[in-house]
Every structure is written in C-alpha cells, then in structure tokens.
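Contents: one structure, followed by commentary.
The numbers here are math on the coordinates, done by the rules we state, and not lab data. Keep in mind that this is a model prediction, so the values were computed, not measured. Using ideal geometry, Cβ is built from the backbone for each residue, glycine included, and neighbour counts are taken over all protein chains shown.
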Amino acid sequence: MRTIKVAMLALAVMLLGSAEASAKAPAGPPPLPLPTPKKKKPKKVTAPTPVGPTAPTGPTDCTYSLDSRADPGDGGEAEKDERDIPGAKSDNNAGLRVLRDAEAPGIDPVAKRKMWVEAIRILIDGLEKDPYNPNINYNLAAAYARLAKRGCMLKFVKRVVALTKRKETQEQANLRLTHLTKGFPGEKPPRPADPDFNDYRDDPDFRAIVYDEAGQND
C-alpha cells in the first residue's frame, strides 16, 4: 500500500513539474500574416468614336482648310490653264448624285451620314481641280450644313458670295445664292429656298455673309 502511495506522489510531482515547464516555455512566433491579394489593374477602356455629327471623320473636320487655294478675288487666283474645269464639273455632278441619293426614303441615319461624307470627299477632289466652281463650293456648303459643321458651311457660303464678284463665275454663283435664300418659285414645280440651310437662317454670322455681304433680301 505504501508503495502505491509513493508511486502516486511521484506521478503527481512529475505532472506538476511538466505543467510548470510548459507555463515557463517562451511563446512561439506569431502566425504569418495572410498574403494580400494583388489588385488587378483596371482594363483600359477606349471610348467609342462618336457616330453623330461631331465625329471627326476625314473631310468633315475641315482640317484640310483652303490654305492651298487662294480665295476668290484676293489677287492670287489660279490661272484658268492651271485648273481642270471639265474634271471639276464631273466631280460636282458625282458628288451631287450622292447627296441626292442620301435623301432617298428608307436610308437609316448612319448610312445617310456616310453618304454625305462620301459626297464631300468627291466634291473636295473637284475643288482641287477648280476651286472657283460655284456649284462645287455651294454643294460643299450644303453637305456641311447637313452634317451640322457650321464653320465649314460658313466657309463655303462665303466663297460662293466671293464668286459672285468674279465675271467668269458671277452668273452661276448668283443662281446658287438665289437657291439658298429664295428658291425658284417660278419653276414647275416651284423650288423653295434650300432646306439644307434652314437651321442657320437666324444665325448672325450666316446672315452677315448672305444678307449683308452678298446683298440678298430675306
């Protein structure tokens, strides 16, 4: 019996010592932090090119300007033998056909706008051949008016007015201005003032060019 008590006492002492040793043992290292997930770089989103009238598509942005072509009446005009007058007439007719085809029923607005741009491209080719063709200058003004390119439209309306002061182009340029302002009520059927310019008839710059500078009446 005594042997059992001694064994139990020894066991108790051993357990007590083990507990004290555990209590005195230094704490282990702190747990490693969880890895921070890498942030994904946002994908670069490219804004779509606008399709409406403000889209800078080729000839519609007017960046080609007319710097390479002297304005009518400024003393630096191209000589007649430097111009391709028949080629310009052909381009004018081709561009005018595209403008007219664009007004056919059933053509959606996007396709219509593309046709206007194509007409401008053709007419600019003609302008390069003969910058003093009144019909080309007028039709470019009308096409830009349809595209709501006000500055471009005013530029070519002003050129048409300038062409009324040249003997060679006076008659045709005056006809174009009459078409713009009054139309041809005596024709059968009567032809009204050009509707392409209806959105600009109260524009002060438009009025200054057409009614003041050109001397046209409302």
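For region 79-213, the C-alpha radius of gyration sits at 1.03 times the compact-globule guess of 2.2 N^0.38 Å, with N the residue count. Have a look at Leu154, Tyr211, Val98 and report the one farthest towards the positive end of the charge dipole of region 79-213, computed about the Cα centre with Cβ charges (Lys/Arg +1, Asp/Glu -1). Toward the positive end, the furthest listed residue is Tyr211. Each semi-axis of the equivalent ellipsoid for region 152-218 is √(5λ) with λ an eigenvalue of the Cα gyration tensor; in descending order they amount to 18, 16, 10 Å.
Converting phi to 3J(HN,Hα) with the Karplus coefficients 6.51, -1.76 and 1.60 and the offset θ = phi - 60°, region 119-134 yields 4, 4, 4, 5, 5, 5, 4, x, 4, 5, 7, 8, x, 10, 7, x Hz in sequence order, with x at every glycine or proline.
The packing ranking of peptides 172-185, 144-157, highest mean first, is 144-157, 172-185, where packing means the average number of other beta carbon atoms within 10 angstrom of each residue. Taking a sphere under 12 Å around the Cβ of Arg97 and counting the other residues whose Cβ falls inside, with K and R at +1 and D and E at -1, yields a net charge of -3. Kindly flag which residue pairs out of Lys89/Lys182; Lys112/Lys158; Lys89/Lys129; Lys80/Lys167; Lys80/Lys155 have an alpha-carbon separation exceeding 19 Å in this structure. The pairs that break the limit, which is 19 Å between Cα atoms, are Lys89/Lys182; Lys112/Lys158; Lys80/Lys155. Taking each residue as 0.36 nm, the span from Ala148 to Glu171 lengthens on full extension beyond its C-alpha to C-alpha distance by 5.5 nm.
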